[in-house]
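I have placed the structure first, in the form of structure tokens, so that the comments after it can refer back to it.
Values in this text are rule-based calculations from the coordinates and carry no lab data. What you see is a predicted model; the values in this text were computed from it and never measured. Note: ideal-geometry Cβ built from the backbone for every residue, glycine included; neighbour counts use all protein chains shown.
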């Protein structure tokens, strides 16, 4: 097909933007939902700081549920691209059917468990008596929405890998538009509070699913949907998708650890300030994830075809873009942190804490973007162990630092541990990448 041949012949910068923009839109959907809900909740009647804090408490849960869609979608997209590069369409078709069934199963199990044990889970995640009811009301509607989000993530990854990145972009954009329209209607007009915010997300994801499914029923798609679970193929999907799953899951663990340490060494205002700042940090992290996933078909296809020169050209172009995005984030954190956090209408004291936290979170983003691309590179060429090792390195460095530094410096030690761990992870990733590139160049 023409879309597949483009991966071999089209100019790298054109392919990059063609595939990366829809990918970034896809990864940003959850972050944008979160930002939209936060903004409207901040101004909503009878809500305020505690409601904002409740939504922050839910961030690890939302990240973890969203990472399940990444686990299936990224592994599926990578494997499909590699097999297309090898000319094996039949195996690519089997991958699609296995992935869709797996996405449904892997989503429905944790959703059911969270419904059953919602109260202890929320308090364990850091909810207080003031924030618990707000968190419960939102989560009750968000849980079924996460099923539609995960299914949509897998399907849009398949669309991008099979030559329809623009269509995937349009569908993701419509999903956000639905939520922008529905959230203020439910919160301000119907006055449904947190339930309205969660209900808007649920309805928006359902409408998006109704739009995307017909794409896989038409004759113009590359594959018909053949639903059958093949465990050999499932292992191949998980082997690739586990690394990006770890990135998102580790983000949830980091937020959880920071929450606990801020409670131990500071107060609820510091915690809520961090949770507000983490909304912006999460947006930029999802941009980097989107860039990494966007170049996946280009890298996967050319790796499968043995064209290493073209593969590294795509990766180096992505490095430049990620650095640019990271420096924009850093400048925003330095010069516009107060203006950014005021979007959520927090109290004056909360603005100060959130501004401080935002600077800490953005200072290493230029390095973080390149480090995530390196981890993604190993994932895209099927070396999942190195990709997973780089992801786990973040926790290996952060956990000791975030528990040891506060013993000497108190809450300042909590803040210092975040950029220090990021620098160490970036150095580790670069060293691993350097030797891998040298090895591939020698092998060629």
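Measuring between their Cα centroids, the stretch 328-364 and the stretch 114-163 lie 26 Å from each other.
Pairs of Cα atoms nearer than 8 Å and 6+ residues apart set the relative contact order; for the chain it is 24 percent. Once the Cα atoms of helix 268-294 and of the chain are each reduced to a long axis, what angle between those two axes, in degrees from 0 to 90 to the nearest 10, is obtained? With rounding to tens, the tilt is 10 degrees.
Quick check on the exposure proxy: order 128, 70 from fewest to most C-beta atoms within 10 angstrom.
The most exposed by this proxy come first: 128, 70.
Per-residue ellipticity at 222 nm, computed for the chain from helices alone with -39500 (n - 2.57) per DSSP H run of at least four residues, works out to -29500 deg cm²/dmol. Stokes-Einstein diffusion for the stretch 328-444, with the hydrodynamic radius set to the Kirkwood value over Cα pairs and evaluated at 37 °C in a medium of 0.692 mPa s, equals 204 µm²/s.
Counting neighbouring Cβ atoms within 10 Å and putting the fewest first, the residues 99, 337 line up as 337, 99.
Take every Cα pair under 8 Å whose residues are at least 6 apart in sequence, average their separation, divide by the length of the stretch 61-115, and the relative contact order is 43 percent. Here the gap between residue 170 and residue 119, fully extended at 0.36 nm per residue and compared with their Cα-Cα distance, gives a gain of 14.6 nm. Helix 89-116 and the longest principal axis of the C-alpha atoms of the chain enclose an angle of approximately 20°.
Relative to the current alpha-carbon distance between residue 412 and residue 352, full extension at 0.36 nm per residue lengthens the span by 20.1 nm.
Over the stretch 2-443, what per residue volume does the convex hull of the Cα atoms give, in whole Å³?
Values: hull volume 55.6 nm³, N = 442.
It comes to 126 Å³ per residue, whole-number rounded.
Its residues counted as N, the stretch 2-106 yields a C-alpha radius of gyration over 2.2 N^0.38 Å of 1.47.
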